[in-house]
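To start, the structure under review is shown below, and the notes come after it.
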């Protein structure tokens with residue numbers, strides 16, 4: 001039968017070997033009898049051999065190394081990968097024997113395989129995977145040989161792109177997630193050289209069953225390795241997942257994320273940590289065994305920090321998850337903090353990006369800002385002083401871009417729209433650092449759902465506009481962040497110029513703020529443009545020292561309708577630039593709202609105190 005392209009991965013430009021007759025017969029039998037009864041993935045997805053249970057995917061592509069991973073049934077105890085330089089030799093020119101671990105996926109025992117390859121940096125390779133001998137089975141069947149390019153060597157000036165997404169790997173009661181499937185196709189076609197997640201990789205608990213396989217389908221099954229999910233992108237795009245609170249702990253001897261996404265070379269070369277550790281007993285928390293996951297790697301002129309900012313929501317003790325994470329992972333003297341201080345100090349001249357789960361600033365009402373990471377004497381200040389250019393986080397199932405709120409801070413993003421159930425933004429208000437945010441509520445509008453927004457963002461009209469990933473392009477010191485939704489539409493594109501000396505000069509304060517009472521009882525504000533050594537990117541409207549709106553740089557007027565008769569309001573405007581610097585507030589304008597309706601404005605400019 002013909003396999004629809006939308007239901008299976010397809011890679012490369014190499015010839016397609018014929019599928020073995022036995023595999024074709026089994027696929028037909030599956031289609032006619034078993035799959036509909038067992039709630040499994042459609043048989044049309046079986047262009048690969050039926051022994052293959054996790055489509056091959058890449059991890060740990062650093063320096064001149066690459067790890068190829070896959071899973072099979074246990075019908076054979078041997079498996080190999082064959083590879084070659086694309087366009088220069090056969091895709092099966094070289095062979096490496098894979099090592100296996102037994103995994104339990106929803107009571108089905110499988111072999112999880114990995115093969116570590118020593119390759120040349122910045123070179124395109126193609127490969128195929130095989131099982132058994134006499135006969136040897138081509139596990140990819142009639143699928144094309146996947147292609148990938150090894151990592152850029154450290155110091156290379158060549159431009160490159162990478163993808164960032166988080167909070168993914170969730171399916172509905174029937175095992176479906178069309179928005180996540182759409183997003184995976186967008187990532188696969190994005191041109192990203194590799195991808196990094198911001199945590200929560202598999203719901204609800206990051207188990208091997210949640211990760212799943214190419215066959216099993218249902219509630220909590222195969223949200224990561226199902227045929228329409230990471231199988232679509234992972235064979236050509238290496239993945240570096242950060243750890244999240246979902247999947248932090250596991251009762252299995254081998255932690256699912258550490259086993260499924262090995263990063264041996266990246267961890268060893270950076271002196272990081274990627275093991276299951278025993279934790280006890282700060283803040284009244286119970287003894288527990290959790291993953292510890294942090295490391296760094298280079299790509300061209302940039303260094304990437306995959307960090308651990310997560311704690312179990314079921315082991316709180318007398319504190320909360322943010323405080324526990326700080327005390328175990330980020331307090332001065334803790335292993336991760338000391339490792340990070342040293343690594344940042346020994347890599348002073350590169351672009352730097354940090355990836356972690358808990359958000360520095362978030363306008364999600366349930367997964368809000370992590371105040372234990374904030375401040376000049378906390379992680380925020382350490383990253384800022386050490387030249388980290390952008391922080392990417394997740395946890396909140398929404399999109400949010402934050403400006404730099406003070407000199408000891410940095411630009412940060414929340415990218416938690418990778419496929420898990422979305423959440424609204426601004427439920428408790430929109431903060432002054434929030435330049436652009438998108439969220440979604442499924443229960444709003446009588447259950448029909450409704451979008452929410454903060455900053456300069458328009459309110460989304462469909463959930464597909466909130467599911468997203470970030471495509472980040474690095475070209476010298478210029479970094480372009482292009483958020484892309486599940487239908488391929490881009491939004492809030494930002495271009496940053498990170499010179500050797502960072503831009504620390506704030507814009508000039510907006511001058512001559514005018515405020516007037518309108519005939520309808522609203523307050524109309526207007527002001528002339530502020531100036532900056534690079535460019536003003538937004539204006540923050542303050543009322544009685546609290547943020548009421550963030551506007552784009554081309555908007556220099558605002559109408560405040562949320563005023564109360566008899567009240568007096570003090571307005572100020574703050575300008576921000578693309579480096580996140582904030583100006584001093586404008587001279588204030590005070591408006592007294594008459595207790596009775598009037599059309600006469602009352603305006604009093606005062607000096608800022």
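A few comments on the model shown:
- Only a single criterion out of (1) over 20 Å from the mean Cα position of the chain (by Cα); (2) part of a strand (DSSP E or B); (3) under 21 Å from residue 541 (Cβ atoms) is not satisfied by residue 436, namely (1).
- Candidates 499, 516, filtered to the one that is assigned to a loop (DSSP other than H, G, I, E, B) and over 30 Å from residue 439 (Cβ atoms): 499
- Residue match in the range 329-337 (condition: in contact (Cβ under 8 Å) with a residue 40 or more places away in the chain and over 23 Å from the mean Cα position of the chain (by Cα)): yes
- Test result for residue 576, at pLDDT below 95 and surrounded by fewer than 21 Cβ atoms within 10 Å (Cβ to Cβ): no
- Residue 370 assigned to a helix (DSSP H, G or I), at pLDDT 95 or above and under 11 Å from residue 309 (Cβ atoms): no
- Residue match in the range 180-193 (condition: under 28 Å from the mean Cα position of the chain (by Cα), within 23 Å of residue 63 (Cβ to Cβ), surrounded by 22 or more Cβ atoms within 10 Å (Cβ to Cβ) and touching a residue at least 12 places away in the same chain (Cβ under 8 Å)): yes
- Which listed residue is crowded, with 18+ Cβ neighbours inside 10 Å and assigned by TED's automatic domain parsing to the domain that holds residue 241, from 304, 355, 297: 355
- Search result, residues across the range 108-136 that are surrounded by fewer than 13 Cβ atoms within 10 Å (Cβ to Cβ) and more than 30 Å from the chain's Cα centre (by Cα): 109, 133, 134, 135
- Count - residues of the range 406-421 that are modelled with pLDDT of 95 or more, part of a loop (DSSP other than H, G, I, E, B) and farther than 21 Å from residue 225 by Cα: 2
- Of the residues screened, residue 518 is one that is surrounded by 13 or more Cβ atoms within 10 Å (Cβ to Cβ), at pLDDT below 95, out of contact with any helix residue (DSSP H, G or I) (no Cβ under 6 Å at 6 or more places or on another chain) and under 24 Å from residue 595 (Cβ atoms).
- Residue pairs whose Cβ atoms lie under 6 Å apart, sitting 6 or more positions apart in sequence or on different chains, and linking a residue in the range 86-107 that is in the same structural domain as residue 123 (by TED's automatic domain parsing) to a partner that is in a loop (DSSP other than H, G, I, E, B) and at pLDDT 95 or above, are 91/145; 105/213; 106/216.
- Condition broken by residue 453, with the remaining ones in (1) within 22 Å of residue 549 (Cα to Cα); (2) in a loop (DSSP other than H, G, I, E, B); (3) in contact with a strand residue (DSSP E or B) (Cβ under 9 Å, 6 or more places away or on another chain) satisfied: (2)
- Taken together, 524, 450 contain a single residue that is outside the structural domain of residue 582 (by TED's automatic domain parsing), surrounded by fewer than 20 Cβ atoms within 10 Å (Cβ to Cβ) and farther than 27 Å from residue 406 by Cβ, which is 450.
- Annotation note: of 143, 172, 213, the sole residue that is in contact with a strand residue (DSSP E or B) (Cβ under 6 Å, 6 or more places away or on another chain), assigned to a loop (DSSP other than H, G, I, E, B) and either surrounded by 24 or more Cβ atoms within 10 Å (Cβ to Cβ) or at pLDDT 95 or above (or both) is 213.
- Taken over the range 84-107, the criterion of being part of a strand (DSSP E or B), in contact with a strand residue (DSSP E or B) (Cβ under 7 Å, 6 or more places away or on another chain) and either surrounded by 14 or more Cβ atoms within 10 Å (Cβ to Cβ) or at pLDDT below 95 (or both) is satisfied by 84, 85, 94, 96, 100, 101, 103.
The values are calculated or read from the model by the stated rules, or taken from the named source; none is laboratory data. If you're wondering where the values come from, they're calculated on a predicted model, not measured in any experiment. Cβ atoms come from the backbone with ideal geometry, glycine included; neighbour counts cover every protein chain shown.
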